[in-house]
Amino acid sequence: MSADFLYGIEVIINGLMAGVLYALVALGFVLIFKASGIFNYAQGVMALFAALTLVGIMEGQVPFAHLINAIFGTEVHHFGWTVPALLAIAFTLLVMVAFAWMVQQFVFRHLVGQEPIILFMATIGLAYFLEGVGDLMWGSDIKTLALGLPQGGSMWVEQATRGLGGEDFYGFFIDKLDMVATVVAAVLVISLIVFAQYTKQGRAMRAVADDHQAALSVGISLNYIWVLVWSLAGLVALVAGVMWGAKSGVQFSLSLIALKALPVLMLGGFTSIPGAIVGGLIIGVGEKLFEFMIGPMVGGATENWFAYVLALIFLVFRPQGLFGEKIIERV
């Protein structure tokens, strides 16, 4: 096998791993949109807030320390203890569930029956509010998320593939953190699919997504389902924030990972969990291959815009995406 062919395989593998992470972020949007018809602009900020909260709990930081110190003239920043990673993740998940309850109780419960654009604007306000709360609670400096996850290239993969393409081929470079993130994301995606298909709560979610009034008529609580859906979106945001934060640090630009989910949603459809998965894999592999094959001809940096161009093409020829539902309205 030629070295170029093997490099292409390496690019595809890395693209698949990136695609799983894109699909994970997109799932947060799909879950909320299917159950409530709300496009959650705040999903990326939820990932940022979850990662900030996790780091703050692990390091024993005092929430709102800067505000407390400014008001009372103190210099308190830490409680003086640290929290193990698994326990901190559990506490952070509880925080995200509490956030889901507050969002439903204080925001969307009062907007039932409003136009979709009103609900969308509410999520924009929610995003900036949550970003501001995260800044006040934990500070705006870049934080390191030290969970003990493996870093660097996998020596086992590199040694196993070295020499396949001749003396000039030194083996596949597969980042160990990407491998762990892919496995975790894949397990979560499969778990969400099983939950939606085979549990009582999952069937209730699907019923609400299909018809709110019919779901109410058989005794399904919309408030409970929407809190559940926002809690699941919080779990997805937590996992996405952990994986991306472990790779690039926990910083406020982390909220921009939601922008990577938009082309995935346009390809797969806003109402389809399988569509989010397939769309993520297409975007991940497509942008890596395009950068590998076409990037050198056009000066590189094609990963920044390839996904959006592909999504634009889909919007022109198939607006509902690969798996989305085609909506026909009487005018």
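Of note:
- Conditions (1) open to solvent by 60 Å² or more (accessible area, probe 1.4 Å); (2) at pLDDT 85 or above; (3) hydroxyl-bearing (Ser, Thr, Tyr): number failed by SER248: (2)
- ILE273 passes every criterion in (1) in contact with a Gly (Cβ under 8 Å, 6 or more places away or on another chain); (2) modelled with pLDDT under 85; (3) within 24 Å of ALA181 (Cβ to Cβ); (4) surrounded by 19 or more Cβ atoms within 10 Å (Cβ to Cβ) apart from (1).
- The number of residues in region 100-117 being farther than 14 Å from ASN223 by Cα and modelled with pLDDT of 85 or more comes to 2.
- Candidates PHE323, PHE306 - the one that is in contact (Cβ under 8 Å) with a residue 40 or more places away in the chain and surrounded by fewer than 23 Cβ atoms within 10 Å (Cβ to Cβ): PHE323
- Hey, LYS260 under 16 Å from the mean Cα position of the chain (by Cα) and in contact (Cβ under 8 Å) with a residue 40 or more places away in the chain or not: yes
- Within region 172-199, restricting attention to residues that are touching a strand residue (DSSP E or B) at 6+ places or on another chain (Cβ under 9 Å) and assigned to a loop (DSSP other than H, G, I, E, B), the residue that is modelled with the lowest pLDDT is PHE172.
- Pairs, first touching a residue at least 12 places away in the same chain (Cβ under 8 Å) and closer than 20 Å to PRO319 by Cβ in region 276-291, second open to solvent by 50 Å² or more (accessible area, probe 1.4 Å) and not in a helix (DSSP H, G or I), C-beta under 8 Å, six or more apart: VAL278/LEU322; VAL278/PHE323; GLY279/LEU322
- Filter result (open to solvent by 10 Å² or more (accessible area, probe 1.4 Å) and over 11 Å from the mean Cα position of the chain (by Cα)) within region 9-30: ILE9, GLU10, VAL11, ILE12, ILE13, ASN14, LEU16, MET17, ALA18
- Condition check for LEU238: crowded, with 21+ Cβ neighbours inside 10 Å, modelled with pLDDT of 85 or more and part of a helix (DSSP H, G or I): yes
- Considering region 209-223, and only residues there that are over 18 Å from HIS110 (Cα atoms) and in a helix (DSSP H, G or I), the residue that is least open to solvent (accessible area, probe 1.4 Å) turns out to be ALA215.
- Leading residue by the ranking (nearest to ALA240 (Cα to Cα)) among those in region 52-86 that are among the aliphatic types (A, V, I, L, M) and free of Cβ contacts under 8 Å to residues at least 24 places away in the same chain: LEU86
- Looking at GLY249, GLY245, GLY219, GLY234, just one residue is of a type in the set (Gly, Ala, Ser), on the phi > 0 side of the Ramachandran plot and touching a residue at least 24 places away in the same chain (Cβ under 8 Å), and that residue is GLY249.
The values are calculated or read from the model by the stated rules, or taken from the named source; none is laboratory data. Quick caveat, the model's predicted, so the values are computed rather than measured. Counting neighbours? That spans all protein chains shown, and the Cβs are built from the backbone with ideal geometry, glycine included. Ligands, DNA and RNA are stripped out before the accessible areas are found, and what is left, the full protein with its side chains, is counted by its heavy atoms. Shrake-Rupley method; radii C 1.70, N 1.55, O 1.52, S 1.80 Å.
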